[in-house]
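Taking it in order: structure first as C-alpha cells, then the write-up.
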Amino acid sequence: MPAVTVEDLTIIDRVPTVNLDASVERPVKGVTTAPAGFEGEGFPVRRAFAGVTLADLDPFVHMDQMGEIEYSPGEPRGTAWHPHRGFETVTYLIDGTFLHQDSHGGGGVIANGGTQWMTAGSGILHIETPPEELVVKGGLFHGVQLWVNLPPKDKWLSPAYQNLEGDMVALVASADAGSLLRVIAGDIAGHKGPGSTHSPMTLVHATINSDSEVNLPWDPSFNALVYVLAGSGSVGADEVPVRTGQLAAFGPGEWLSVRGSTQRVDASETLEVLIMGGQPIGAPVVQYGPFVMNTRAEIEQAMADYQSGKLGVVPPGALQPFRV
Ligand code: MN
C-alpha cells in the first residue's frame with residue numbers, strides 16, 4: 001500500500017474528461033516484460049526498460065523496480081559507494097527507506113513516497129543503503145530508480161539533488177474519480193509536480209482501482225510509457241492486457257488510457273503504474289556502467305576521471321553499508 005494515499009477521491013481535483021471524438025488516442029506500440037536481476041550489493045530488481053528502443057525511452061535511459069519485497073531480518077541490501085556522470089538518478093520509494101550520501105555534501109533519508117532527484121552532472125560518488133533498523137528487522141521495501149538523461153550541454157553541470165518529500169507531490173483524481181494520480185514531475189491538467197527537470201517530461205505514479213479508467217491527456221511531443229509496478233489491467237483502445245513488471249510503449253497521439261482489471265479476486269487490489277514520458281533529447285547515447293554520455297571518448301574520459309578521483313572522493317567517516 002503506497003504511503004501517499006487519499007481517502008476520498010471525489011473531493012480532490014480531477015483530470016478533465018477527454019473529448020474522445022475530437023482527439024487522437026495513442027496506440028500501444030508494444031508491451032515488454034522486465035527480466036529479473038540483482039543490483040548493488042545484491043538486492044532484487046526488475047529491469048523495466050529491457051528490450052525497449054532508446055527512441056521510445058528518450059529522455060529516459062534505464063529503470064529498475066526494487067521489490068516489492070518483504071525482507072527477512074538481515075536481508076536488506078543497498079549499494080556501496082559508486083560514481084555517476086552525465087545524467088540524473090531519480091529514486092522513488094513507495095514503501096521502505098533508503099539512506100543516501102554523496103561526495104558533494106548531500107545526504108539524507110528517502111522514505112514513504114519520497115523522491116530523491118539527483119543530478120550527477122559532471123560527476124559524483126554516492127551510496128544508497130537501507131538504515132540499520134531495516135537491516136536488523138527486515139520489512140517492506142518497494143521503489144524504483146529511473147535514469148533521466150541530460151541534454152549534452154547539461155552533462156557538465158555541477159552535481160545537485162532535490163529532496164522531494166511524499167507530501168509535496170501534486171494529487172489529482174481521474175475523471176471517473178476511481179484512480180489517484182501522484183504527479184512527481186511535470187504537469188497533469190495544471191497540477192504541477194515538485195520535480196525540476198532539465199528537459200520537458202512528466203512522471204506520475206497512479207493507483208487505479210477496479211473498474212476505473214484513466215484517460216490522460218499527454219503532450220503530443222512527449223514519448224509515453226506505462227510501467228506496471230503491481231497488479232493487472234489493460235492499456236490503449238485495444239485493451240491490451242498488462243501485469244506486474246510489464247511496460248507498454250505508446251505511439252503518437254494526444255491522450256492515453258489505462259484501465260484497472262475487472263477480473264480481480266480481491267476487489268480492493270489496485271493497479272499501480274508509473275506513467276511517464278518526455279520530449280526526446282535526440283542526442284546520441286553511449287551508456288557504460290554508471291556513466292551516460294554522448295560519445296565513446298566521453299565514456300573513456302569518465303572512467304579515467306573516476307580513477308584519478310575527479311568525480312569526487314568518499315568523505316571521511318562516510319555512511320557505509322550496515323551488516324548484521
Ligand atoms: Mn547510484
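FYI, it's all coordinate maths here, none of it is from the lab. Predicted model only: the values in this text are computed from it and were never measured. All Cβ positions, glycine included, derive from the backbone under ideal geometry; neighbour counts span all protein chains shown.
The table for this structure:
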item: Label-point gap, in nm, between residue 196 and residue 283 - each point 7 angstrom along Cα→Cβ; result: 1.9
item: Spherically averaged projected area in nm², based on the convex hull that wraps the Cα atoms of segment 159-262; result: 7.1
item: Listed residue (252, 149, 110) projecting farthest to the positive dipole end of the chain, Cβ model; result: 149
item: Whole-Å distance, taken between Cα centres, linking segment 5-43 and segment 278-324; result: 30
item: Cβ-based exposure ranking for 23, 308, 174, 232, in which fewest neighbours within 10 Å come first; result: 308, 23, 232, 174
item: Spacing of the two label points (7 Å from each Cα toward its C-beta) at residue 112 and residue 5, in nm; result: 1.4
item: Sorted by Cβ density within 10 Å, fewest first, the residues 192, 153, 310; result: 153, 192, 310
item: For segment 199-278, size of Cβ-based charge dipole, Lys and Arg +1, Asp and Glu -1, in debye; result: 160
